[in-house]
Structure formats: C-alpha cells, structure tokens
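First the structure, in the form of structure tokens, and then the observations on it.
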Amino acid sequence: IPYTEVEPIIDGVFEEAEGWEVADEISMLKLEGDKSPDTVWATWQDHMTSFWAMWDENYFYLFVKVIDEELDGSAKSEPWLSDAIELFIDGGNEKASSYDENDVQWRWVYGEEPGGEDNASNGPGEWAFLDTDLGYNFELRISADSLANYFPLENDHEIGFEISNADRDEGQGQQSVLHWWTTNGNTWQDASLFGTALLIGGEDITS
C-alpha cells in the first residue's frame, strides 16, 4: 500500500491528480465459497469490483469501483445483506484464527453517509458513495486516530488485510460476495483468512 503526498477529496470521483496515481488497481476476483457462476456473463458482468489503497501520516485511503446493475442498501437490520464494502484489518498480522484486540471488521452500506439517520454502516472515517453508469464508486479516508488501536500509519508496517464487496438485488437478498484474498465467508470471525499488506514509501518520501 503506497504512500501519497497528495490528500484526495473524498467525493467518490476517481482523479489521479488527487494522489491515486501512486496506487495500483487491484481486482477482487474471488467469489465467496469459491462458487462458480451459472454463467460467466451473468455473474461477472453484474458484479465486478476493483480497489485502490494508499496512506499518509494522517489517513488511510481506500477507493472502490463497483460494476453492478442493481443497487440496494436497504437491509438496515441485517446490513451484511446489503450492497456494501467491508474492510478487515489485523494490525499485527498474527494470522490467528480468532480476532484479538488489533483485529477489526468494518462495513459501509451503499448509499449511506457518515452520521446519517438510521445508519447501518459501522465503519469510521469520512466517506462518499457516487452512482455511476455501471454501478457505484466508494471513497474513504480513516484517520490515524481511528486506526491507533489497530496499527500505526508508518513505513514498512505489515498488516493482515482483506476487502470484500457484497451484492444485493432488490427482492432477492444477497446475490454474491467478492473478496480480494479469501473465498471463505468466515473472515468476520477468523483473522487467519486475511491476506497481508505492507505500507511502503513513507520513509523515503518524508526523510
């Protein structure tokens, strides 16, 4: 996860001039449960996801682009069944099978705003959803203070990391979940299923 010298505007608009050019686009290609779609066209054209991540001394940044023809964030009582972005962090990358004090799962439900009324999101930070012709964008920044109990924003720090995107279709419930790293749906309770990410670049750029 690279260091950025430019702080992006959190508006859901992907602009490389706002620092995102330092980050690589990463596709989320793993279907939960290692499921095979009925047809490649039906699943992958309805639900495809890519993300970018970067950091500086003050914030961790995330940008997600979702292709999805039907958007529904209405499952307030069971928000994991909504269109949603989920971020999993193991601040020490211990790969323990259960969560400890520096492990966390956060969720942001499609269409919601920070502090909104009847908010089903439980993730911190400043964020924005933006509808697009193909689905939606999600842009997020989480402050160093909000991350302090989990990991420091500093060069060469290694974390356990996973990001998932749930797809809900109105009247049909959850249709699929795409993951970056694991195909197992137990990431919500098993931190050993996370991948590994490394914060890089800060020391050289700021010294």
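The values are calculated or read from the model by the stated rules, or taken from the named source; none is laboratory data. Predicted model only: the values in this text are computed from it and were never measured. Cβ coordinates were reconstructed from backbone atoms using ideal geometry, including for glycine residues, and neighbour counts include every protein chain displayed. Side chains included, ligands, DNA and RNA excluded: accessible areas come from the protein's heavy atoms. Shrake-Rupley method; radii C 1.70, N 1.55, O 1.52, S 1.80 Å.
Taking θ as phi - 60° and the Karplus parameters 6.51, -1.76 and 1.60, the scalar couplings of the range 103-108 work out to 10, 7, 10, 10, 9, 10 Hz in sequence order, x denoting glycine and proline.
Kindly provide the GluC sites (Glu not before Pro) of the range 131-195 that DSSP labels as loop, not H, G, I, E or B, and whose Cβ sees at most 14 other Cβ atoms within 10 Å. Taking the range 131-195 and a limit of 14 other Cβ atoms within 10 Å, the loop GluC sites (Glu not before Pro) found are Glu154, Glu170. Note on the range 76-202: with charges restricted to the Cβ of Lys and Arg (+1) and Asp and Glu (-1), its dipole about the Cα centre is near 200 debye. Near Trp180, the amide H atoms lying under 5 Å from its own belong to Ile163; only residues 5 or more places off or on other chains count, and H is placed 1.01 Å from N.
Derived scalar couplings between HN and Hα for the range 175-192 equal 9, 6, 10, 9, 10, 6, 10, 10, 9, 8, x, 8, 4, 5, 9, 10, 6, 6 Hz in order, rounded to whole Hz, by the Karplus curve 6.51 cos²θ - 1.76 cosθ + 1.60 (θ = phi - 60°), x for Gly and Pro.
Work out, step by step, the length gained on full extension between Leu198 and Leu134: first 0.36 nm times the residue separation, then minus their alpha carbon distance; give nm to one decimal.
Values: separation 64, 0.36 × 64 = 23.04 nm, distance 3.09 nm.
Contour length minus the Cα-Cα distance gives 19.9 nm.
Electrostatic bookkeeping for Phe129 treats Lys and Arg as +1 and Asp and Glu as -1; over the other residues with beta carbon under 9 Å from its beta carbon, the sum is -4.
Between amide H atoms placed 1.01 Å from N, distances below 5 Å from Asp103 occur with Gly91, all of them 5 or more places distant or on a separate chain. Let me make sure I get this right: for the range 18-139, a, b and c are the square roots of the gyration tensor eigenvalues over alpha carbons, sorted descending. Under 1.5 in a/c it's rounded, otherwise prolate if a/b > b/c, else oblate. Which is it? Rounded shape, in that the Cα axes give a/c under 1.5.
Do the sum for the chain: with -39,500 (n - 2.57) for every DSSP H run of n ≥ 4, divided by all residues, what is the mean residue ellipticity at 222 nm, to the nearest 500 deg cm²/dmol?
Details: 3 runs with 16 residues, N = 207.
The helix-only estimate for the chain comes to -1500 deg cm²/dmol at 222 nm.
Calculated FRET efficiency, Val6 to Asp118, Cβ-Cβ distance, R0 = 30 Å: about 0.30 to the nearest 0.05.
Heavy atoms of the protein chains alone define the surface here; on that basis the range 128-192 has 44 Å² accessible area per residue at 1.4 Å probe size. Karplus-based coupling profile of the range 109-120, in residue order and whole Hz: 8, 3, x, 8, 10, x, x, x, 5, 6, 7, 9, with θ = phi - 60° in 6.51 cos²θ - 1.76 cosθ + 1.60 and x standing for Gly or Pro.
What FRET efficiency comes out for Glu25 versus Gln172 if R0 is 35 angstrom and r is the Cβ-Cβ distance? Round to the nearest 0.05. Don't skip to the end; give the middle numbers.
Values: r = 29 Å, r/R0 = 0.83.
Efficiency at R0 = 35 Å is approximately 0.75.
As a length-normalised measure over Cα pairs under 8 Å and 6 or more apart, the relative contact order of the chain settles at 28 percent.
Near Gly135, the amide H atoms lying under 5 Å from its own belong to Asp68; only residues 5 or more places off or on other chains count, and H is placed 1.01 Å from N.
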